[in-house]
Every structure is written in structure tokens, then in C-alpha cells.
There are 2 protein chains.
Amino acid sequence: MSEPDDKLTLGVVLFEEFELLDVFGPIEVFGILRDQISIVMLGPVAGPVASAQGPSAVAEVAYSDAPQCDIVLVPGGHGTRALALEPAFLNWLRTWASSATYISSVCTGSGLLAAAGLLDGFQATSNKRSFAWASSQGTSVRWIPEARWVEDGNRWTSAGVAAGIDMALALIGKIVGPDVADDLADRVEYDWHRDPSWDPFAAKAGLVSQEKSEAR
Amino acid sequence: MSEPDDKLTLGVVLFEEFELLDVFGPIEVFGILRDQISIVMLGPVAGPVASAQGPSAVAEVAYSDAPQCDIVLVPGGHGTRALALEPAFLNWLRTWASSATYISSVCTGSGLLAAAGLLDGFQATSNKRSFAWASSQGTSVRWIPEARWVEDGNRWTSAGVAAGIDMALALIGKIVGPDVADDLADRVEYDWHRDPSWDPFAAKAGLVSQEKSEAR
């Protein structure tokens, strides 16, 4: 559902100990498109939310007041471990996110989507060093260890932290247009990996053998 | 000057319309080293500071109460244009930053350092699409158009936005150790460009010829 002014709405789920770059990498590029995309920062309550690194971002709206959004973005970070055990949060996330046009996550955010049942029957990826935890959150998910990001239907899940920028640019390419995504990558001087199968970090984390990875 | 607990202190200068990734790219990697580095977010006053993209971060301390810091980080963003015309801000920045062990900037943040006189006699770089503006802020600076980042003495200036992550990792490599920086890059799954002369965006922005750039 778009806002009355026809902008797309991106809802970002903040929580205590979220990973900074999981949020602000994607938001950097979505946010440059302010004429086309409205960003809504959500938190347990409205107000400051402390990141895993310490600095706080501001949640404008409490989960309980979240508007319906076109795009949902769930970051990872240390805080996912506690949240994945909170039925009230997972119920809210499942209900709120399921009406979105695109449901996306960065890093261990896919563990939260999985715990909420939002990845059942889908392919997905996650942070490479925390893959065991994330993949344990959803047994009906086809977890892909070697991928920069995975697009399956309207589910978009990225690998760890910086991979969220690559996924966000690909999603912008799909929604807004490939030329816009290319220009955004140049504008923020980001070496965008456009191939979702590019992933040297899976082998480095021991998820696939180095030989298999290099043979791709 | 270190804190009593011997952590290094990183002071980040927030201002209205700062560029999100200029701040949160470097802070992502510095912030993982929480046992060794304390981050202090500074603003015109303590409280929320709106980014160029919209979402706000929280300044813990007002400029006027800023502690002496070991590392200074000045981001870029649209807000630099107005700040470069504010003598009170520039005087504060010059006085506060000049005692730091390392003075760093991301993107058009080097325009603010230059306007404050902090780059006089130094080499520096900046955002490639805003190079004309940044370089006009300091005529006694040797501006380097083609560089991912420039280290000159204790001044570290990076190219646009994402380049701040490469510079931050290099600075961490120098201060904390190269193995730590390598591990951080893998941990955040970032394709770190370790060569400060790697810069395809200078030619794309027309600052150097494509042929000259490719001949490097």
C-alpha cells in the first residue's frame, strides 16, 4: 500500500543491539530516493534505540503503531538472539510484514524472519559467521550458504552486514529501475557486486570448500 | 588523550543533513572494537540529529561539551554546505580537532576540515561528484582527485560515502593492527579495497580521463 502521495514506504525494524550497517547501508541508498520512497523507522517504542555498536538511532513509530509498508527491512545484530525467543515480537512481525510487497532482511535478520515463519517454503541466506544460528531458526527454509543475497518470490535476504547494500541496490534496480541503481552505486562510490552468487565469505567462514567456491 | 580506562576515543561530528553511510560505515567497524575504542557522537546540541536521508541519529554530547578525542571523524552530506559558512562552527572544529591524534573525514567532510583550515599544507581527497565544492574550501590543500583515501601525516580523508569504510579499516589497521582490520572486513563481509589508489569513480565523475585511470 502506498501513501496518499504515492511514495513507496520502507519500514525498518529497529531493536536493541541492531547492527548499524545492516540498517544504514540499505537506508543510505533508499534514502537518496526521497522523492519516491518514504522511510519509517520502527522500534519497540518511539525514541532512541541503541545499536550493537553503541550509538543510537531514532525510532519514529512504535511497532504497535506501524503503518502498512510496501517494503519491510529487518536488520541483524546481537539483539536478534533475544528477539527470536519473544513470541509477542514474532507474532507482530509476522502479521505486520506479511502484507508487504517485499520482505527483506540483512545479515541475521533472516533468522528473525525465519523464527516468525516468514521464510517457510522459501530459499534464504544469512550472515556467514552466524549461519548456524540463523538457519536453526527455520527448518522449512532452504538455506543457501554461498550467496551475496537470495531473491525468492518477494523474499529478499542478504548475507552479512555490507551485503545488505548490494541487495538494496538490486531491489532498487527491480522496483525503480536498473539505471537508477547503477547511478546510486556510483554516487555513493560503492563497488556494487551485481552478481548475487558472488560470495567469497562463505568459503572463508568454512561453509563451503575453498575449491568448490573457486570453481564457480 | 585516552580515557582513564585507556580506551581510544573516537569523536563523530553529527550535523543536520549529514550523510548516513559516511557516519555509520566507519562506526560499524570501529564500533565492533568496543573493548578498545569508545565512540562519542557529537551534535550542535545533545539529542536527535536528522540525516540527509531523513532518519535521525542521537548526539550524546553537544559540541560545546565535547571531550578531547584521539580520533576525529567528520562526515559529509548536504549539511556541509551551510556549515562551511558558519565561523562559530569552524572555529570550534579547528580548536577541538587540532589536539586529536588522527583527524579524519569522509566524503565532503574534507570540505569542512579545509574550511576550518585543518588541511592547510596537507594532501586530501573528497567525494568525486562534489569535488569542485570540497576543493574550493581550501586553496592551501593539495587536492588528489583520484584516490580511495589519502593519508598525509595524521590527516586521513576519504572519497565519497562507501570509501569511508575502506579508510576506517586502513586506520584500524594502523592503530590496532592489520590482522584485526582484515578480520573486521571479513566479519562485516565487506570487499575492502586495501589499495588507496583504487578509484574508478574519479574517471566516472570526469575528474581524470578514463585512459589515464586505466593505465595506472
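Using a 10 Å cut-off around each Cβ of peptide B:30-37, what is the average number of partner chain Cβ atoms that fall inside?
Per residue, the average neighbour count from other chains is 3.
Given 0.36 nm per residue, what is the gain on full extension from A:Q68 to A:R194 after removing their alpha carbon distance, in nm?
Full extension of this stretch gives 42.4 nm more.
Compute the distance from the alpha-carbon center of segment A:160-204 to that of segment B:57-125, in whole Å.
30
Could you pull the copy-to-copy label distances for A:Q36, with points set 7 Å along Cα to Cβ, in nm to one decimal and sorted shortest first?
4.1
Could you order the peptides A:160-169, A:32-41 from most to least packed, using the average number of other C-beta atoms within 10 Å per residue?
A:160-169, A:32-41
Inside 10 Å of the C-beta atoms of A:55-64, what's the mean count of C-beta atoms belonging to other chains?
4
With the label 7 angstrom out along Cα to Cβ, how close does B:H78 come to the same site in each of the other copies, in nm, nearest first?
Copy-to-copy label distances at B:H78, shortest first: 3.5 nm.
What is the residue of chain A with the smallest Cβ distance to the axis taking A onto B, and what is that distance in whole Å?
Closest Cβ to the A-to-B rotation axis, residue and whole-Å distance: A:F24, 2.
One decimal, nm, shortest first: give the distances between the label point of A:D120 and those of the same position in the other copies, each label point 7 Å from Cα along Cα→Cβ.
So the label point of A:D120 gives 6.8 nm to the other copies.
The numbers here are math on the coordinates, done by the rules we state, and not lab data. Please read these numbers as outputs of a predicted model, since none were measured by experiment. No Cβ is skipped: glycine too gets one built from the backbone with ideal geometry, and neighbour counts run over all protein chains shown.
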